[in-house]
Amino acid sequence: MHNSMQISKNSIKHTLALFGMIVLLSACEKQYESIESIDDAKIKAYIQKNNIPAIKDASGFYYQVLEQGTGGPLLDKDSVFYNSTVKSLTGTTYYSPVAFTNEANYLGYITPIAYRTAMYSINRGGKVRVIVPSHLAFGKNGKDAIPSNEIIISEISVLPQTTQWQVDDKIILDFLAAKGLTGFTKHSSRVYQNISVTGTGQSISAFSTITVKYKGRLLNGTVFDESGTTDLVNALSDLIPGWKKVLLGVAKGTKLRIIIPSDLGYGKNATGSIPKNAVLDFDIEIVDVVN
């Protein structure tokens with residue numbers, strides 16, 4: 001009899017515990033659903049207030065095609081080059097493009113998923129606005145400056161170019177124009193160069209060891225490397241492709257400035273203070289040439 005009562009009490013305890021878990025899970029589910037509902041109401045109010053003719057995707061985000069673009073359609077397998085902004089509904093800016101740079105990825109790897117889904121609706125050269133509820137953006141964890149459970153608005157401008165080197169060429173031309181820089185010519189390698197002093201000494205061959213003074217900058221003016229008080233001594237063959245191509249045949253005593261497309265610099269493998277796919281700007285003086 002005692003054992004039977006004990007078993008009965010344990011069964012009641014287990015039943016109550018199970019019931020409590022069901023209630024807790026149900027409450028969590030209702031809370032999650034309410035966040036979705038609250039986000040959607042906020043987005044609808046924002047769209048109505050700002051008279052935005054946005055379309056609601058089946059997954060729950062909203063988008064508006066701002067410019068269709070005249071290039072080809074975007075596919076998951078394609079490399080896509082673009083610039084984007086990220087803001088809150090109240091206008092707080094979390095991310096904006098950096099001058100003379102771009103973002104790049106395969107379309108199928110771009111996140112949040114809402115971004116790439118919206119990008120299916122435009123062509124290269126197009127622009128789309130995306131309003132993403134928090135659960136489809138970065139959720140309760142947020143990301144960097146974006147707080148938890150934040151609705152985000154992004155404007156994504158897809159560049160018309162289909163390769164990074166084409167993007168880089170446009171970036172370099174825009175940089176030269178914006179800074180009023182003249183006297184540059186485009187080398188056959190796609191590096192832009194301005195020779196301020198033409199040397200008269202030994203010319204650099206593919207097998208030369210050269211001594212140089214130099215300073216390397218990003219296009220925003222940030223110095224990422226320089227020779228300082230100690231000149232660089234190196235075999236030409238060990239230098240980045242942009243240097244190797246432009247300096248071949250250049251004479252000792254030459255001073256020049258070169259602007260190198262990212263694929264002839266460090267490209268997508270750049271690390272440290274050099275961003276991926278960064279165009280590089282160098283001042284170089286050829287101090288010595290040993291063949």
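Values in this text are rule-based calculations from the coordinates and carry no lab data. Small disclaimer: the values here were computed from a predicted structure and weren't measured. We place every Cβ from the backbone using ideal geometry, glycine too, and count neighbours over all the protein chains shown.
Observations
- Calculated FRET efficiency for the pair L232/T111, C-beta based, R₀ 30 Å, to 0.05: 0.15
- Highest-fluctuation residue, T101, T111, T230 considered, GNM on the chain with Cα pairs under 10 Å: T230
- Net charge contributed by nearby residues that have their C-beta within less than 11 Å of A137 (K/R +1, D/E -1): 0
- Take every pair of alpha-carbon atoms less than 8 Å apart whose residues are at least six positions apart; their mean separation over the length of the stretch 52-158 yields a relative contact order of 34 percent.
- For a paramagnetic label modelled on L239 (point 7 Å from Cα along Cα→Cβ), amide N atoms under 14 Å away belong, within the stretch 177-212, to 191-195, 199, 202-212.
- With each label modelled as a point 7 angstrom along the Cα→C-beta vector, the Q48-N220 pair spans 4.0 nm.
- On the beta carbon distance between S196 and V98, with R0 = 30 Å, the FRET formula returns roughly 0.60.
- Charge dipole (Cα centre; +1 on Lys/Arg Cβ, -1 on Asp/Glu Cβ; no other charges) of the stretch 52-158 amounts to roughly 100 debye.
- Summed side-chain charge close to K276 - residues other than K276 whose Cβ falls under 13 Å, Lys, Arg +1, Asp, Glu -1: -2
- Against the chain, whose longest principal axis comes from its Cα atoms, helix 2-49 is set at around 50 degrees.
- Relative contact order (%) - the stretch 164-290, alpha-carbon pairs under 8 angstrom, separation at least six: 33 percent
- In loop segments of the stretch 49-106 as defined by DSSP, the trypsin sites (Lys or Arg not before Pro) with at most 15 further C-beta atoms inside 10 Å of their C-beta are K77.
- Per-residue 3J(HN,Hα) values for the stretch 278-291, derived from phi via the Karplus relation 6.51 cos²θ - 1.76 cosθ + 1.60 with θ = phi - 60°, read 8, 6, 10, 10, 10, 9, 9, 10, 7, 7, 7, 9, 10, 9 Hz in sequence order (x marks Gly and Pro).
- Highest-MSF residue in the chain out of S205, S79, S154 [GNM, Cα springs under 10 Å]: S205
- With a cut-off of 14 Å on the backbone N, the residues of the stretch 216-240 near the modelled label site 7 Å out from S273 along Cα-Cβ are 216-229.
- Charged side chains reduced to their Cβ positions (Lys and Arg at +1, Asp and Glu at -1) give the chain a dipole of some 280 debye around its Cα centre.
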